[in-house]
Amino acid sequence: MPNSLSTFLKLHKVSILLAVMGSVFYITFAYYLPRTDFIKLLTLFVALFFLCYKLIQFEKWNFKFLLAIGIFFRLLFTIAEPNLSQDFYRFIWDGHLVANAINPYLHVPQELILAPNNSIPNAQQLFNGMGSLSAKHYSNYPPLNQFIFALSSLIGGNSILGSLVIMRGNIIMADIGILYFGRKLLKNLNRSPQLIFWYFLNPLVIIELTGNLHFEGVMLFFFITAMYLLSMKKWHLAAVVMACSISIKLVPLLFLPLFFTYLGWKKSLLFYAITGLTCLLLFLPFYTPLFIDHYMSTLRLWFSNFEFNASLYNIVKYTAMHFDAKPWEFIKEYGKITPWATITIVLLFTFIQKKRNLNAVLASMMWVLTLYYFMSTTVHPWYIIFLVLLALFTSFRYALVWSAAIVLSYFAYSQLDYKENLWLLAIEYISVFGFLSYEIVAQRNKK
């Protein structure tokens, strides 16, 4: 045993050193990084991406080593309070509402905080932490997400940290599930299963999901499981699991039309029916006559009120402003066009798709989501994680470049007024568009 351990240490000493360095950087990120310190944030992010690249390069075929390192990096965040996002305050708030049989889609926090019989633990701290923007709007988190919030709040009790730890545990387990089913799906589609570590060890994934408690990871667990089930021809069960993914985050709704040519019209209609029915059953406990109106009004805000880290939108907006357009009027008009443009793109990819196989469907999903994000007024860093996973099932890697470059958008968090630096956003998107253009040309030359 001592000899085998000594041999292991000799063979993997560089990788172990890289893992130790990565651990130090993640601890620094989790516990000693104010989000206003952009230089420190950027330096840590760049260093962690370099270490991720080298670890995968050196241990490409060592599944157990990379698995252990990926889990260990995530566990380092166990008792850390998210430092790049305040969304978790709203998660816990909604969780306590659901646990107390109060519908989070019917009451805004501003209304409940004034109620004399307010029974939400740490209500004032949660209210202050979520910020005024969240406090004046109805919840926009789908029902299965709400159930996870409620479970975390129940188990965590009156402790904010306790609730954070439970939510973090759910997200870590979801990432391990993505690793498991992602490898299986890659094998089924004749791709290297080791590609999944570009997701599992990606610093953006670890920091934004485990660190900042965004539930894209749970959504992706159900999504990738559904895709695996489809690859096994178990499309009935895949429809149920796909509905669970949609009931965490609504993004997979974009992809439903893409299954039409893959499954054929008979199977696809049944697939849609099962998915829709499952979604309805999950939403049913929250349904009231006011539910749809409140939920849709909150969703519309994302198209017509918010802007962050946009690409094409910024170009069009500043061009329009040159011709005396008013920014607050322009975003509302732009927000009316974006949903229709997105629907058109989805339908184009649905009916121009020639190959009726799952590889082609996943590639179409990647392009649809890419174009949607290019058009969007708001592209938070954790949104790109879906693209990172989808890209692994194609020959394109621009999403990995984007996952590294998107840290530049966090410059806005270092400013008191959250003002973005357009030069930094230009560097981010020139990197993405440049690498994407290079890959498209390279792919055409190969063909």
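Quick one: in region 411-447, which of the residues that are closer than 22 Å to residue 391 by Cβ and of a type in the set (Ser, Thr, Tyr) is surrounded by the most Cβ atoms within 10 Å (Cβ to Cβ)?
429
Is it true that residue 310 is without any contact (Cβ under 8 Å) to a residue 24 or more places away in the chain and surrounded by 15 or more Cβ atoms within 10 Å (Cβ to Cβ)?
Taking the combined requirement at face value, the residue does not satisfy it.
Return only the number of the condition from (1) within 30 Å of residue 412 (Cβ to Cβ); (2) surrounded by 17 or more Cβ atoms within 10 Å (Cβ to Cβ); (3) more than 22 Å from the chain's Cα centre (by Cα) that residue 217 does not satisfy.
That leaves (3) as the condition not met.
Inspect region 286-304 for any residue being at pLDDT 85 or above and touching a helix residue (DSSP H, G or I) at 6+ places or on another chain (Cβ under 8 Å) and give the result as yes or no.
yes
Considering only residues that are of a type outside the set (A, V, I, L, M) and open to solvent by less than 50 Å² (accessible area, probe 1.4 Å), look in region 15-34 and name the one that is modelled with the lowest pLDDT.
Checked region 15-34; the qualifying residue modelled with the lowest pLDDT is 15.
Report yes if some residue within region 361-383 is open to solvent by 70 Å² or more (accessible area, probe 1.4 Å) and under 30 Å from residue 228 (Cβ atoms); otherwise report no.
Checked region 361-383: no residue is open to solvent by 70 Å² or more (accessible area, probe 1.4 Å) and under 30 Å from residue 228 (Cβ atoms).
Is it the case that some residue within region 326-337 is in contact (Cβ under 8 Å) with a residue 24 or more places away in the chain, under 23 Å from the mean Cα position of the chain (by Cα) and surrounded by fewer than 16 Cβ atoms within 10 Å (Cβ to Cβ)?
No; the residues of region 326-337 include none that is in contact (Cβ under 8 Å) with a residue 24 or more places away in the chain, under 23 Å from the mean Cα position of the chain (by Cα) and surrounded by fewer than 16 Cβ atoms within 10 Å (Cβ to Cβ).
Within region 389-431, work out how many residues are closer than 20 Å to residue 308 by Cα, without any contact (Cβ under 8 Å) to a residue 40 or more places away in the chain and in a helix (DSSP H, G or I).
Total meeting the criteria: 10.
In region 91-119, how many are part of a helix (DSSP H, G or I) and open to solvent by less than 10 Å² (accessible area, probe 1.4 Å)?
7
As an exercise: evaluate residue 225 against (1) within 18 Å of residue 281 (Cβ to Cβ); (2) free of Cβ contacts under 8 Å to residues at least 60 places away in the same chain and give the number of the one condition it does not meet.
The single condition residue 225 does not satisfy is (1).
Quick one: is residue 42 open to solvent by 40 Å² or more (accessible area, probe 1.4 Å) and either at pLDDT 95 or above or in a loop (DSSP other than H, G, I, E, B) (or both)?
Yes.
Quick check: is even one residue across region 367-377 at pLDDT 95 or above, more than 14 Å from residue 308 (Cβ to Cβ), assigned to a helix (DSSP H, G or I) and of a type in the set (Val, Ile, Thr)?
Among the residues of region 367-377, at least one is at pLDDT 95 or above, more than 14 Å from residue 308 (Cβ to Cβ), assigned to a helix (DSSP H, G or I) and of a type in the set (Val, Ile, Thr), which makes the answer yes.
Can you tell me which residues in region 50-81 are free of Cβ contacts under 8 Å to residues at least 24 places away in the same chain and among the charged types (D, E, K, R)?
Within region 50-81, 64 is the sole residue that qualifies.
Tell me which residues, restricted to region 220-250, are under 17 Å from the mean Cα position of the chain (by Cα) and open to solvent by 40 Å² or more (accessible area, probe 1.4 Å).
Result: 221, 222, 250.
The values are calculated or read from the model by the stated rules, or taken from the named source; none is laboratory data. Here the structure is a predicted model, which is why all the values come from computation and not from measurement. Please note: Cβ atoms are built from the backbone with ideal geometry, for glycine as well, and neighbour counts cover all protein chains shown. Side chains are part of the model used for accessible areas, which takes the heavy atoms of the whole protein and leaves out ligands, DNA and RNA. Shrake-Rupley method; radii C 1.70, N 1.55, O 1.52, S 1.80 Å.
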